[in-house]
1. Ranking Ser262, Ser282 by Cβ neighbours within 10 Å, fewest first, what do you get?
2. If you plug each phi of the stretch 18-33 into the Karplus form 6.51 cos²θ - 1.76 cosθ + 1.60 with θ = phi - 60°, what whole-Hz ³J(HN,Hα) values come out, in order, with x for Gly and Pro?
3. Hey, fewest Cβ within 10 Å first, where do Phe261, Phe43, Phe241 land in order?
4. Among 87-100, 264-277, how do they line up from the highest to the lowest mean number of other beta-carbon atoms within 10 Å?
5. Please list, ordered by chain and number, the residues whose modelled amide H lies under 5 Å from the amide H of Asp227; skip anything fewer than 5 residues away on the same chain.
6. Roughly how tilted is helix 276-296, in degrees to the nearest 10 and between 0 and 90, from the longest Cα axis of the chain?
7. For the residue pair Tyr205 and Leu148, what label-to-label distance in nm results when each label sits 7 Å from Cα along the Cα-to-beta-carbon direction?
8. What fraction of the DSSP beta bridges in the chain is antiparallel, stated in percent and rounded to the nearest 5?
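None of the figures in this text is laboratory data; all of them are computed from the coordinates on show. Keep in mind that what you see is a predicted model, and the values were worked out from it rather than measured. Every residue, glycine among them, receives a Cβ derived from its backbone with ideal geometry; neighbour counts consider all protein chains shown.
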Amino acid sequence: MDLALSIDIGGTKFAVGLVTRNGELIDRTTVLVDHRDSADDLFDELHQAVIAQMTRAVEHHGATPSVVGVACAGPITRNVETVSPLNIAQWRDYPLRERLEHATGLPVFGDGDAKALALAEGWLGAARGVDNFMAMVVSTGIGGGIVLNGQLLDGESGNAGHIGHVIVEPNGRRCACGGRGCLEAEASGPAIEAITGRPPSQPTYEIMVRTGRLVGRGVASVCNLLDLKLVCVGGSVALGFGATFFNSAQRTLDELCGLEFSKKARIVPARLADEGGLVGASAVGWRGLNRSVSVNY
């Protein structure tokens, strides 16, 4: 059995799992991010989870992983040479790829978490068979991955699709990026808690509607800009808010996507749900491994 060691780096937790070539997640573990830890202490926690999963691969599944795939909240540099997740202050220009290569002895390939989700949803999820779509993560942070004409967009530095920093509330809340009124500053989990005094796991109906409306506002701009008809959304906030969130977001899309080519744009839940991050990370790993083999031959 061919396995990828998949790593999903988020603002509140690290997930590590084992994924087959067919995209089946067969094992996983989660580590909560302690924001009091130093940068290297955080990596040590991740390292322990990585070693535990590599051990389970051999002892419980009779296989050794052949590649490491990483999905990481951004910004990042290409192939996670360095990572600077806005919600992990300790990691600024942290050399994640080098540390993981040293820890595992395996080739490491990485990308942004929402870009990885786009690969996963296009492979096995809600965007299967679709050549033009966006995938989003609405969670501790908000990110996006865009597929145009069947190709995942990278951009100049590899950070294309960062919809979390589209302005949805002019003169709104200050964002960690330095701007005001960014989608991430208004609709992410920490933003919701700061605005309401309630954790996003205990939302009111009004905050679920507001969050959906703001996400719909940002999504509508992208659909109008890039001629998209489908957006699939994952992440604990979006999936936790459920139908109320998605109905509100869809109503906003219907109001704002009035161009002939963007009419009837749809926003739907990511089909892979809480497995999307790890399956996406494996897709990044398999893609990188396939490309390196092609280059070598």
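1. Numbers: Ser262 19, Ser282 33.
The order, fewest Cβ neighbours first, is Ser262, Ser282.
2. 10, 10, 7, 4, 8, x, 8, 7, 9, 6, 6, 9, 10, 10, 6, 7
3. Working: Phe261 12, Phe43 21, Phe241 24.
Lowest to highest Cβ neighbour count: Phe261, Phe43, Phe241.
4. On the way: 87-100: 18.4, 264-277: 20.7.
The packing order, highest mean first, is 264-277, 87-100.
5. Sorted by chain and number, the residues that satisfy this come to none at all.
6. 60 degrees
7. Label at Tyr205, label at Leu148, 4.1 nm between them.
8. Working: 26 of 45 bridges.
Antiparallel bridges: around 60 percent, rounded to the nearest 5.
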